[in-house]
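Following: one structure in structure tokens, then a few remarks.
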Amino acid sequence: MSSIGWMRERPSKAEINAALGGGLIAGLIDLFYACAYYGAAFGAPPVRIFQAIAAGWVGQDAAVAGGDATAVLGIVSHFAIVIVMAAVYVFASRRLPILTQRWALSGLAYGFGLWVVMRFIVVPLSAAPPPTSFPFWGTLGAVLAHMVVGLVIAWFTARMRRES
């Protein structure tokens, strides 16, 4: 098998379930955090949070003008991204047993890495407007929320590996 042959293997049903379960639960937790934080700090209603996610595709003005349709686009995009994040972890765990042996530490580190990628690569490359400031508590909350996302994904993956 070549060095990338493991990526060519079809995912097992257990791997698909781990990626979907981890992605959906982590995505729900992350959306709950975003709605709670931005609602409390800025008075933003949930629909505006969802539109802000869609702004990555269509820009801020179009996201707001799109109403409920762009809110749905934001929700679908959010869950698709988190499920892909989970799938990457699941596939990496095939070759890196440490990801399931030390799942808590690995998940926290993965979550921090996800924040770095989202903050410094994905968001700047998107159509969303760049943030104008980075308040300490908002940044800390975002980092911790991503670490929880990583932790949830790692837990689902470790559980799947133990049971299969």
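The values are calculated or read from the model by the stated rules, or taken from the named source; none is laboratory data. This structure is a prediction, so every number in the text was calculated from the model and none was measured. Using ideal geometry, Cβ is built from the backbone for each residue, glycine included, and neighbour counts are taken over all protein chains shown.
Among the criteria (1) under 19 Å from A14 (Cα atoms); (2) of a type in the set (G, A, S); (3) surrounded by fewer than 20 Cβ atoms within 10 Å (Cβ to Cβ); (4) more than 11 Å from the chain's Cα centre (by Cα), the one A104 does not fulfil is (1). Cβ-Cβ contacts under 6 Å between residues 6 or more apart (or on different chains), taken from a first residue in the range 63-83 that is outside any helix (DSSP H, G or I) to a second residue that is among the charged types (D, E, K, R) and at pLDDT 95 or above, are absent. Scanning the range 77-126 for residues that are of a type in the set (K, R) and touching a helix residue (DSSP H, G or I) at 6+ places or on another chain (Cβ under 8 Å) yields R94, R95, R119. Within the range 121-148, being over 14 Å from I53 (Cβ atoms), among the β-branched types (V, I, T) and in contact (Cβ under 8 Å) with a residue 60 or more places away in the chain holds for one residue alone: V148. When P131 is tested against (1) assigned to a helix (DSSP H, G or I); (2) more than 14 Å from the chain's Cα centre (by Cα), only condition (1) is not met.
Take the conditions (1) free of Cβ contacts under 8 Å to residues at least 24 places away in the same chain; (2) in a helix (DSSP H, G or I); (3) under 26 Å from A158 (Cβ atoms); G27 misses just one of them, which is (1). So, of the residues in the range 109-144 that are under 13 Å from M85 (Cβ atoms) and among the small types (G, A, S), which turns out to be surrounded by the most Cβ atoms within 10 Å (Cβ to Cβ)? The extreme case among them is G111.
Among the residues here, P124 qualifies as farther than 17 Å from E15 by Cβ, in contact with a Pro (Cβ under 9 Å, 6 or more places away or on another chain) and not acidic (D, E).
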